[in-house]
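This report refers to the structure that appears directly beneath it.
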Amino acid sequence: MTTADKAARRAVGACAALIVGALTLTACGGSASAEDENAKGGKNGTSAVKTSTAKIVISAQDGSTGASINTTGVKVAEGRLTEVKMTVAGSGQAVEGVLSADGGSWKPKEQLERGTKYRISAIAKDSSGRTAAANSTFTTVSSADSFIGTYTPDNGTTVGVGMPVSFAFDKAIGDKKAVQSHITVTSSSGQQVVGHWFGAQRLDFRPEEYWKAGSKITMKIDLDGVEGANGLHGVQKKTVTFTVGRSQVSTVDVNTQTMTVVRDGRALKTVPISSGDAQHTTYNGQMVISEKFTQTRMNSRTVNLGSEYDIPDVPHAMRLTASGTFLHGNYWYRKSNPPFGRTGTSHGCVGLADVRGAQGDTPAKWFYDQSLIGDVVVVKNSPDKTVAPDNGLNGWNLSWAEWTAGSAV
(Lines give C-alpha, C1' and ligand atoms only; values in the text may rest on other atoms or scores of the structure.)
Protein backbone atom coordinates (compact mmCIF):
# COMPACT_ATOMS: atom_id res chain seq x y z
CA MET A 1 0.00 0.00 0.00
CA THR A 2 1.05 3.49 -0.69
CA THR A 3 1.75 6.49 1.56
CA ALA A 4 2.29 10.16 0.75
CA ASP A 5 4.80 11.35 -1.82
CA LYS A 6 7.86 9.05 -2.36
CA ALA A 7 6.53 6.35 -0.01
CA ALA A 8 3.30 6.39 -2.00
CA ARG A 9 4.90 5.93 -5.42
CA ARG A 10 3.53 2.43 -5.65
CA ALA A 11 -0.07 3.84 -5.30
CA VAL A 12 0.63 6.99 -7.35
CA GLY A 13 2.94 5.71 -10.07
CA ALA A 14 4.48 7.43 -13.15
CA CYS A 15 2.27 9.15 -15.76
CA ALA A 16 1.96 7.13 -18.96
CA ALA A 17 1.58 10.08 -21.30
CA LEU A 18 2.47 13.74 -21.20
CA ILE A 19 -0.63 15.89 -21.27
CA VAL A 20 0.20 19.46 -22.10
CA GLY A 21 -2.95 20.97 -23.63
CA ALA A 22 -3.31 24.56 -24.66
CA LEU A 23 -1.12 26.37 -22.17
CA THR A 24 0.44 29.81 -22.22
CA LEU A 25 4.05 30.12 -23.41
CA THR A 26 6.09 31.09 -20.40
CA ALA A 27 9.04 32.65 -22.26
CA CYS A 28 10.43 32.52 -25.74
CA GLY A 29 13.50 33.99 -27.38
CA GLY A 30 16.05 33.15 -30.03
CA SER A 31 19.37 33.96 -31.58
CA ALA A 32 19.79 35.92 -34.79
CA SER A 33 20.59 34.23 -38.07
CA ALA A 34 22.13 35.78 -41.18
CA GLU A 35 20.21 36.29 -44.41
CA ASP A 36 21.14 37.67 -47.84
CA GLU A 37 22.97 40.98 -47.54
CA ASN A 38 20.22 42.60 -49.59
CA ALA A 39 17.42 41.31 -47.41
CA LYS A 40 14.61 43.79 -47.12
CA GLY A 41 14.79 45.61 -43.79
CA GLY A 42 18.56 45.29 -43.53
CA LYS A 43 20.47 48.34 -42.39
CA ASN A 44 24.00 49.44 -43.33
CA GLY A 45 24.60 46.16 -45.10
CA THR A 46 23.69 44.02 -42.11
CA SER A 47 21.19 41.18 -42.29
CA ALA A 48 17.64 41.21 -40.93
CA VAL A 49 17.01 39.16 -37.80
CA LYS A 50 14.65 36.23 -37.92
CA THR A 51 13.19 34.66 -34.77
CA SER A 52 13.13 30.88 -34.41
CA THR A 53 9.85 29.28 -35.42
CA ALA A 54 10.21 26.69 -32.63
CA LYS A 55 7.52 27.23 -29.99
CA ILE A 56 8.25 25.81 -26.54
CA VAL A 57 5.47 25.25 -24.03
CA ILE A 58 6.15 24.37 -20.40
CA SER A 59 2.94 22.97 -18.96
CA ALA A 60 3.38 24.71 -15.59
CA GLN A 61 3.29 28.46 -16.06
CA ASP A 62 5.96 30.65 -14.53
CA GLY A 63 5.01 31.63 -11.00
CA SER A 64 2.13 29.18 -10.81
CA THR A 65 1.20 27.04 -7.82
CA GLY A 66 -0.76 23.84 -7.76
CA ALA A 67 1.12 22.31 -10.71
CA SER A 68 0.53 18.64 -11.44
CA ILE A 69 3.01 16.15 -10.05
CA ASN A 70 2.19 13.78 -12.93
CA THR A 71 1.82 15.74 -16.16
CA THR A 72 4.27 18.62 -15.79
CA GLY A 73 6.66 18.67 -18.72
CA VAL A 74 7.82 20.43 -21.88
CA LYS A 75 6.61 20.27 -25.46
CA VAL A 76 7.78 21.99 -28.66
CA ALA A 77 6.08 22.68 -31.97
CA GLU A 78 7.93 23.36 -35.24
CA GLY A 79 11.25 22.30 -33.77
CA ARG A 80 13.20 19.86 -31.63
CA LEU A 81 14.19 20.17 -28.00
CA THR A 82 17.97 20.17 -27.67
CA GLU A 83 18.32 20.75 -23.94
CA VAL A 84 16.00 20.62 -20.94
CA LYS A 85 17.14 21.16 -17.36
CA MET A 86 14.89 20.74 -14.35
CA THR A 87 15.98 21.37 -10.78
CA VAL A 88 14.52 21.71 -7.32
CA ALA A 89 14.53 25.43 -6.60
CA GLY A 90 16.73 26.31 -3.65
CA SER A 91 18.77 23.13 -3.47
CA GLY A 92 19.52 22.95 -7.18
CA GLN A 93 19.05 19.18 -7.14
CA ALA A 94 18.67 17.90 -10.69
CA VAL A 95 15.49 16.14 -11.77
CA GLU A 96 16.14 13.46 -14.37
CA GLY A 97 13.89 13.41 -17.40
CA VAL A 98 13.13 11.57 -20.60
CA LEU A 99 13.28 13.18 -24.05
CA SER A 100 11.02 11.68 -26.70
CA ALA A 101 12.65 10.08 -29.72
CA ASP A 102 11.48 12.84 -32.04
CA GLY A 103 12.65 15.59 -29.69
CA GLY A 104 9.13 16.92 -29.43
CA SER A 105 8.56 16.49 -25.71
CA TRP A 106 10.29 15.97 -22.37
CA LYS A 107 8.95 14.77 -19.04
CA PRO A 108 10.38 13.98 -15.61
CA LYS A 109 11.52 10.39 -15.20
CA GLU A 110 9.75 10.04 -11.86
CA GLN A 111 6.74 11.61 -10.27
CA LEU A 112 7.35 15.03 -8.73
CA GLU A 113 7.02 15.80 -5.04
CA ARG A 114 3.98 17.62 -3.73
CA GLY A 115 4.42 21.16 -2.37
CA THR A 116 7.85 21.63 -3.98
CA LYS A 117 9.21 24.51 -6.07
CA TYR A 118 10.91 23.56 -9.35
CA ARG A 119 12.66 25.31 -12.22
CA ILE A 120 12.62 24.22 -15.85
CA SER A 121 14.72 25.74 -18.63
CA ALA A 122 14.42 24.46 -22.19
CA ILE A 123 16.14 25.14 -25.51
CA ALA A 124 14.91 24.06 -28.94
CA LYS A 125 15.96 24.53 -32.57
CA ASP A 126 13.78 24.94 -35.61
CA SER A 127 14.48 23.40 -39.02
CA SER A 128 16.87 26.23 -39.88
CA GLY A 129 18.91 25.74 -36.72
CA ARG A 130 17.64 28.87 -35.00
CA THR A 131 17.24 28.50 -31.24
CA ALA A 132 14.37 29.33 -28.93
CA ALA A 133 14.37 29.24 -25.15
CA ALA A 134 11.77 29.09 -22.40
CA ASN A 135 11.84 28.76 -18.64
CA SER A 136 9.44 28.50 -15.73
CA THR A 137 9.61 28.45 -11.94
CA PHE A 138 6.55 26.93 -10.33
CA THR A 139 5.30 25.03 -7.27
CA THR A 140 3.48 21.71 -7.32
CA VAL A 141 0.21 21.14 -5.54
CA SER A 142 0.62 20.96 -1.76
CA SER A 143 -0.27 18.02 0.46
CA ALA A 144 -2.77 20.22 2.27
CA ASP A 145 -4.58 21.00 -0.98
CA SER A 146 -4.58 17.50 -2.46
CA PHE A 147 -5.64 13.94 -1.71
CA ILE A 148 -4.32 10.52 -2.60
CA GLY A 149 -5.81 7.05 -2.40
CA THR A 150 -3.78 4.13 -1.13
CA TYR A 151 -5.03 1.14 -3.09
CA THR A 152 -4.86 -2.62 -3.19
CA PRO A 153 -4.07 -4.92 -4.96
CA ASP A 154 -0.73 -3.87 -6.38
CA ASN A 155 0.10 -3.68 -10.06
CA GLY A 156 1.27 -6.97 -11.55
CA THR A 157 0.09 -9.20 -8.72
CA THR A 158 -1.91 -12.42 -8.86
CA VAL A 159 -4.73 -12.63 -6.33
CA GLY A 160 -7.59 -14.85 -5.26
CA VAL A 161 -11.13 -14.62 -6.60
CA GLY A 162 -12.40 -12.67 -3.58
CA MET A 163 -9.95 -9.76 -3.80
CA PRO A 164 -11.78 -6.42 -4.16
CA VAL A 165 -10.16 -3.25 -5.43
CA SER A 166 -9.99 -1.04 -2.34
CA PHE A 167 -9.05 2.64 -2.01
CA ALA A 168 -8.32 4.36 1.30
CA PHE A 169 -8.16 8.14 0.82
CA ASP A 170 -6.03 10.34 3.07
CA LYS A 171 -8.72 13.06 3.16
CA ALA A 172 -12.49 12.94 3.50
CA ILE A 173 -14.14 12.96 0.08
CA GLY A 174 -17.09 15.32 -0.28
CA ASP A 175 -17.79 14.84 -3.98
CA LYS A 176 -17.94 11.06 -4.11
CA LYS A 177 -19.44 11.05 -7.59
CA ALA A 178 -16.57 13.05 -9.06
CA VAL A 179 -13.96 10.79 -7.50
CA GLN A 180 -15.66 7.48 -8.28
CA SER A 181 -16.37 8.48 -11.88
CA HIS A 182 -12.64 8.99 -12.44
CA ILE A 183 -11.77 5.44 -11.33
CA THR A 184 -12.81 2.61 -13.63
CA VAL A 185 -12.35 -1.09 -12.96
CA THR A 186 -12.96 -3.60 -15.75
CA SER A 187 -12.49 -7.35 -16.10
CA SER A 188 -11.56 -9.40 -19.13
CA SER A 189 -14.36 -11.75 -18.07
CA GLY A 190 -16.93 -9.06 -18.84
CA GLN A 191 -18.27 -9.02 -15.29
CA GLN A 192 -19.94 -5.78 -14.24
CA VAL A 193 -17.86 -4.04 -11.57
CA VAL A 194 -19.45 -1.49 -9.21
CA GLY A 195 -17.97 0.76 -6.53
CA HIS A 196 -19.29 1.03 -2.96
CA TRP A 197 -18.41 3.74 -0.42
CA PHE A 198 -17.74 2.86 3.21
CA GLY A 199 -17.89 6.32 4.76
CA ALA A 200 -16.05 9.30 3.25
CA GLN A 201 -12.56 7.79 2.90
CA ARG A 202 -12.95 4.26 1.57
CA LEU A 203 -14.14 3.10 -1.86
CA ASP A 204 -14.17 -0.58 -2.86
CA PHE A 205 -14.99 -2.20 -6.21
CA ARG A 206 -16.24 -5.74 -6.84
CA PRO A 207 -18.46 -7.73 -9.22
CA GLU A 208 -21.71 -9.36 -8.15
CA GLU A 209 -20.02 -12.74 -7.71
CA TYR A 210 -16.39 -13.65 -7.14
CA TRP A 211 -14.02 -12.78 -9.97
CA LYS A 212 -13.76 -15.41 -12.69
CA ALA A 213 -10.59 -17.44 -12.31
CA GLY A 214 -7.88 -16.42 -14.76
CA SER A 215 -9.39 -13.05 -15.60
CA LYS A 216 -7.35 -9.86 -16.06
CA ILE A 217 -8.47 -6.80 -14.11
CA THR A 218 -7.63 -3.26 -15.23
CA MET A 219 -7.96 -0.28 -12.92
CA LYS A 220 -7.64 3.18 -14.46
CA ILE A 221 -7.05 6.01 -11.99
CA ASP A 222 -7.59 9.46 -13.51
CA LEU A 223 -7.81 11.65 -10.43
CA ASP A 224 -5.17 14.24 -11.29
CA GLY A 225 -6.86 17.62 -10.87
CA VAL A 226 -10.23 16.17 -9.83
CA GLU A 227 -11.81 18.16 -7.00
CA GLY A 228 -12.79 15.61 -4.36
CA ALA A 229 -13.80 18.16 -1.73
CA ASN A 230 -13.79 21.92 -1.40
CA GLY A 231 -10.28 23.00 -2.47
CA LEU A 232 -8.90 19.44 -2.46
CA HIS A 233 -7.70 18.00 -5.76
CA GLY A 234 -6.45 14.57 -6.67
CA VAL A 235 -2.91 13.94 -7.91
CA GLN A 236 -3.02 10.35 -9.14
CA LYS A 237 -2.96 9.22 -12.74
CA LYS A 238 -2.11 5.60 -13.38
CA THR A 239 -3.27 2.33 -14.91
CA VAL A 240 -2.97 -0.77 -12.73
CA THR A 241 -3.49 -4.35 -13.85
CA PHE A 242 -3.61 -7.57 -11.88
CA THR A 243 -4.52 -11.19 -12.51
CA VAL A 244 -7.04 -13.41 -10.78
CA GLY A 245 -5.55 -16.83 -10.13
CA ARG A 246 -7.29 -20.13 -9.58
CA SER A 247 -10.46 -20.19 -7.50
CA GLN A 248 -10.02 -21.24 -3.87
CA VAL A 249 -12.77 -20.98 -1.29
CA SER A 250 -12.31 -22.64 2.11
CA THR A 251 -15.23 -23.25 4.47
CA VAL A 252 -14.77 -23.43 8.24
CA ASP A 253 -17.58 -25.29 10.00
CA VAL A 254 -17.55 -24.43 13.69
CA ASN A 255 -19.94 -27.31 14.46
CA THR A 256 -17.49 -29.91 13.18
CA GLN A 257 -14.29 -27.90 13.81
CA THR A 258 -13.08 -28.58 10.30
CA MET A 259 -12.11 -26.58 7.23
CA THR A 260 -12.76 -27.87 3.72
CA VAL A 261 -10.58 -26.38 1.00
CA VAL A 262 -12.16 -26.26 -2.45
CA ARG A 263 -10.00 -25.46 -5.49
CA ASP A 264 -11.72 -24.77 -8.83
CA GLY A 265 -14.82 -26.58 -7.64
CA ARG A 266 -12.97 -29.66 -6.35
CA ALA A 267 -12.35 -30.46 -2.69
CA LEU A 268 -8.60 -30.57 -2.04
CA LYS A 269 -8.59 -31.49 1.62
CA THR A 270 -10.52 -31.24 4.89
CA VAL A 271 -8.32 -30.22 7.81
CA PRO A 272 -9.11 -30.05 11.54
CA ILE A 273 -9.20 -26.57 13.08
CA SER A 274 -9.83 -24.91 16.44
CA SER A 275 -12.10 -21.86 16.32
CA GLY A 276 -12.84 -19.30 19.02
CA ASP A 277 -13.87 -20.49 22.46
CA ALA A 278 -17.21 -19.77 24.10
CA GLN A 279 -16.07 -16.38 25.41
CA HIS A 280 -14.26 -15.33 22.23
CA THR A 281 -16.31 -16.61 19.32
CA THR A 282 -15.28 -16.43 15.67
CA TYR A 283 -17.17 -14.22 13.22
CA ASN A 284 -19.43 -15.87 10.66
CA GLY A 285 -19.35 -14.83 7.04
CA GLN A 286 -17.18 -14.50 3.95
CA MET A 287 -13.72 -13.21 4.74
CA VAL A 288 -10.86 -12.44 2.37
CA ILE A 289 -7.20 -13.12 3.14
CA SER A 290 -5.66 -9.63 3.08
CA GLU A 291 -2.14 -10.30 4.45
CA LYS A 292 0.18 -13.28 4.91
CA PHE A 293 3.02 -13.60 7.44
CA THR A 294 5.33 -16.58 7.76
CA GLN A 295 5.64 -15.50 11.41
CA THR A 296 4.19 -12.54 13.30
CA ARG A 297 3.72 -11.30 16.83
CA MET A 298 0.24 -11.37 18.36
CA ASN A 299 -0.42 -9.35 21.49
CA SER A 300 -3.83 -9.33 23.17
CA ARG A 301 -3.49 -5.66 24.10
CA THR A 302 -3.76 -4.69 20.43
CA VAL A 303 -7.28 -6.16 20.32
CA ASN A 304 -8.41 -4.87 23.72
CA LEU A 305 -8.06 -8.19 25.53
CA GLY A 306 -5.70 -7.04 28.26
CA SER A 307 -2.67 -9.20 28.98
CA GLU A 308 -4.16 -12.56 28.06
CA TYR A 309 -1.45 -13.45 25.54
CA ASP A 310 1.69 -12.19 23.84
CA ILE A 311 3.11 -14.63 21.30
CA PRO A 312 6.14 -13.29 19.42
CA ASP A 313 6.30 -15.89 16.64
CA VAL A 314 2.86 -17.03 15.56
CA PRO A 315 3.51 -19.15 12.44
CA HIS A 316 1.71 -19.10 9.08
CA ALA A 317 -0.64 -16.23 9.93
CA MET A 318 -3.19 -14.95 7.40
CA ARG A 319 -5.30 -11.89 8.22
CA LEU A 320 -9.07 -12.14 7.76
CA THR A 321 -10.28 -8.92 9.42
CA ALA A 322 -8.88 -5.50 10.25
CA SER A 323 -9.94 -6.02 13.87
CA GLY A 324 -7.54 -8.92 14.36
CA THR A 325 -9.09 -12.19 13.17
CA PHE A 326 -6.46 -14.47 11.66
CA LEU A 327 -6.23 -17.99 10.37
CA HIS A 328 -2.89 -19.16 11.75
CA GLY A 329 -0.74 -21.98 12.99
CA ASN A 330 -0.76 -22.97 16.66
CA TYR A 331 2.27 -24.66 18.27
CA TRP A 332 1.40 -23.91 21.93
CA TYR A 333 -1.53 -26.32 22.25
CA ARG A 334 -1.34 -29.17 24.75
CA LYS A 335 0.23 -32.04 22.86
CA SER A 336 -1.50 -34.55 25.13
CA ASN A 337 -4.91 -33.09 24.32
CA PRO A 338 -4.94 -31.36 20.89
CA PRO A 339 -8.10 -29.34 20.29
CA PHE A 340 -8.05 -29.43 16.48
CA GLY A 341 -11.17 -31.05 15.09
CA ARG A 342 -12.67 -31.21 18.58
CA THR A 343 -13.21 -27.85 20.27
CA GLY A 344 -12.69 -24.13 19.97
CA THR A 345 -9.89 -22.78 22.16
CA SER A 346 -8.77 -19.53 20.50
CA HIS A 347 -9.59 -15.89 21.16
CA GLY A 348 -11.60 -15.69 17.93
CA CYS A 349 -9.03 -16.78 15.36
CA VAL A 350 -9.06 -20.03 13.39
CA GLY A 351 -6.11 -22.19 14.45
CA LEU A 352 -4.39 -25.09 12.69
CA ALA A 353 -1.83 -27.47 14.11
CA ASP A 354 1.73 -26.22 13.61
CA VAL A 355 5.25 -26.24 15.06
CA ARG A 356 7.39 -23.42 16.36
CA GLY A 357 9.60 -21.82 13.75
CA ALA A 358 7.11 -22.28 10.88
CA GLN A 359 8.94 -25.39 9.70
CA GLY A 360 7.83 -28.94 9.15
CA ASP A 361 5.03 -30.69 7.33
CA THR A 362 2.00 -29.35 9.21
CA PRO A 363 -1.63 -28.57 8.32
CA ALA A 364 -0.97 -24.86 8.88
CA LYS A 365 2.04 -24.81 6.54
CA TRP A 366 0.13 -26.77 3.90
CA PHE A 367 -2.75 -24.29 3.92
CA TYR A 368 -0.41 -21.28 3.98
CA ASP A 369 1.45 -22.58 0.92
CA GLN A 370 -1.84 -23.24 -0.90
CA SER A 371 -3.26 -19.75 -0.27
CA LEU A 372 -3.14 -16.43 -2.12
CA ILE A 373 -3.94 -12.94 -0.94
CA GLY A 374 -7.57 -12.57 -2.00
CA ASP A 375 -8.63 -16.16 -1.32
CA VAL A 376 -11.94 -16.55 0.48
CA VAL A 377 -12.48 -18.19 3.88
CA VAL A 378 -16.13 -18.73 4.84
CA VAL A 379 -17.03 -19.35 8.47
CA LYS A 380 -20.40 -20.88 9.29
CA ASN A 381 -22.31 -22.20 12.31
CA SER A 382 -20.54 -19.95 14.79
CA PRO A 383 -22.65 -18.39 17.58
CA ASP A 384 -21.15 -15.01 16.69
CA LYS A 385 -22.59 -12.41 14.27
CA THR A 386 -21.64 -12.01 10.62
CA VAL A 387 -18.49 -9.97 10.13
CA ALA A 388 -19.06 -6.32 9.17
CA PRO A 389 -18.43 -5.77 5.43
CA ASP A 390 -15.88 -3.00 6.09
CA ASN A 391 -13.97 -5.01 8.71
CA GLY A 392 -11.21 -6.04 6.34
CA LEU A 393 -11.89 -6.70 2.66
CA ASN A 394 -15.19 -8.36 3.40
CA GLY A 395 -17.76 -6.56 1.28
CA TRP A 396 -19.01 -9.91 -0.02
CA ASN A 397 -21.25 -10.02 3.05
CA LEU A 398 -23.46 -7.37 1.43
CA SER A 399 -26.07 -8.43 -1.11
CA TRP A 400 -25.67 -7.07 -4.63
CA ALA A 401 -28.59 -4.68 -4.04
CA GLU A 402 -26.94 -3.39 -0.87
CA TRP A 403 -23.61 -3.09 -2.64
CA THR A 404 -24.88 -1.12 -5.63
CA ALA A 405 -26.89 1.16 -3.33
CA GLY A 406 -23.57 2.37 -1.94
CA SER A 407 -22.32 3.56 -5.34
CA ALA A 408 -22.14 7.29 -6.09
CA VAL A 409 -22.44 6.90 -9.87
Open item on the list: With the requirement that a residue be crowded, with 19+ Cβ neighbours inside 10 Å and touching a Phe, Trp or Tyr at 6+ places or on another chain (Cβ under 7 Å), what does segment 391-409 give you?
Closed with: GLY395
- [ ] Confirm whether LYS237 is touching a Cys at 6+ places or on another chain (Cβ under 6 Å) and either open to solvent by less than 20 Å² (accessible area, probe 1.4 Å) or in contact (Cβ under 8 Å) with a residue 12 or more places away in the chain (or both).
- [x] yes
Task: Yes/no for GLY195 being part of a loop (DSSP other than H, G, I, E, B), under 22 Å from THR157 (Cβ atoms) and not aromatic (Phe, Trp, Tyr) - done: no
- [ ] Take segment 354-385 and flag every residue that is more than 34 Å from the chain's Cα centre (by Cα), more than 30 Å from LYS212 (Cβ to Cβ) and open to solvent by 20 Å² or more (accessible area, probe 1.4 Å).
- [x] VAL355, ARG356, GLY360, ASP361, PRO383
Open item on the list: Can you go through SER189, SER121 and tell me which one is open to solvent by 20 Å² or more (accessible area, probe 1.4 Å) and not in a strand (DSSP E or B)?
Closed with: SER189
TODO: Could you please give the count of residues in segment 271-307 that are acidic (Asp, Glu) and either in a strand (DSSP E or B) or open to solvent by 70 Å² or more (accessible area, probe 1.4 Å) (or both)?
DONE: 1
Open item on the list: Can you report the number of residues in segment 71-94 which are open to solvent by less than 30 Å² (accessible area, probe 1.4 Å), assigned to a loop (DSSP other than H, G, I, E, B) and under 17 Å from ASN135 (Cβ atoms)?
Closed with: 4
Task: Condition broken by MET163, with the remaining ones in (1) crowded, with 18+ Cβ neighbours inside 10 Å; (2) in a strand (DSSP E or B) satisfied - done: (2)
Open item on the list: Please pick out the residue among GLY160, GLY156, GLY265 that is within 16 Å of TRP396 (Cβ to Cβ) and at pLDDT 95 or above.
Closed with: GLY160
Open item on the list: Looking at LEU223, LEU268 in this structure, which one is among the aliphatic types (A, V, I, L, M) and within 30 Å of THR65 (Cα to Cα)?
Closed with: LEU223
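The values are calculated or read from the model by the stated rules, or taken from the named source; none is laboratory data. Computed from a prediction, not measured in an experiment: that's the story for all the values here. Note: ideal-geometry Cβ built from the backbone for every residue, glycine included; neighbour counts use all protein chains shown. Note: areas computed on protein heavy atoms with side chains; ligands, DNA, RNA excluded. Shrake-Rupley method; radii C 1.70, N 1.55, O 1.52, S 1.80 Å.
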